[in-house]
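Here is the structure we will look at, set down as structure tokens.
Bear in mind that the values in this text are calculations on the coordinates, not laboratory data. Note that the structure is predicted; figures quoted are calculated from it, not measured. Cβ coordinates were reconstructed from backbone atoms using ideal geometry, including for glycine residues, and neighbour counts include every protein chain displayed.
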């Protein structure tokens, strides 16, 4: 199994350990999902105020080897008023465990990153 190169985080995450790894994607998959996010408008009734996504090229050079890989990070910004969870830094955990109830978030992020957790939900 390849190391995760796709990550979900919240604006309320202050430590890297609170970022959720979401699997391994090809650059084409990252680019396709980035375009989907670019072409999406957040509905007023959603608990998210904004979504930020970026593809990074990572290069590590040592004396005897070089590594090169891409990573994709999705940063979500839940609003204080509309989200049902009390601690906003837990938003990625809520999405990852299938307990998010925001239909927009489920359809844009939940079903894509954690399909096994949202397959039973009829939306």
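Per-residue ellipticity at 222 nm for the chain, helices alone: DSSP H runs ≥ 4 residues times -39500 (n - 2.57), over residue total, nearest 500 deg cm²/dmol? Numbers along the way, then the final one.
On the way: 3 runs with 22 residues, N = 123.
Value at 222 nm, helices only: -4500 deg cm²/dmol.
As a proxy for reagent exposure, ranking 101, 86 by other Cβ atoms within 10 Å from fewest up yields 86, 101. Note on the chain: antiparallel DSSP beta bridges, both residues inside, total approximately 75 percent of the bridges counted. As a proxy for reagent exposure, ranking 87, 41 by other Cβ atoms within 10 Å from fewest up yields 41, 87.
From most to least packed by mean Cβ count within 10 Å, the peptides 104-114, 66-76, 51-61 give 104-114, 66-76, 51-61. Specify whether the C-alpha gyration tensor of the range 5-79 places it in the rounded, prolate or oblate class, a ≥ b ≥ c being the square roots of the eigenvalues: rounded for a/c under 1.5, otherwise prolate if a/b is larger than b/c and oblate if not. Verdict is oblate for the range 5-79.
Structural descriptor for the chain: relative contact order 28 percent, calculated from alpha carbon pairs under 8 angstrom and at least 6 residues apart.
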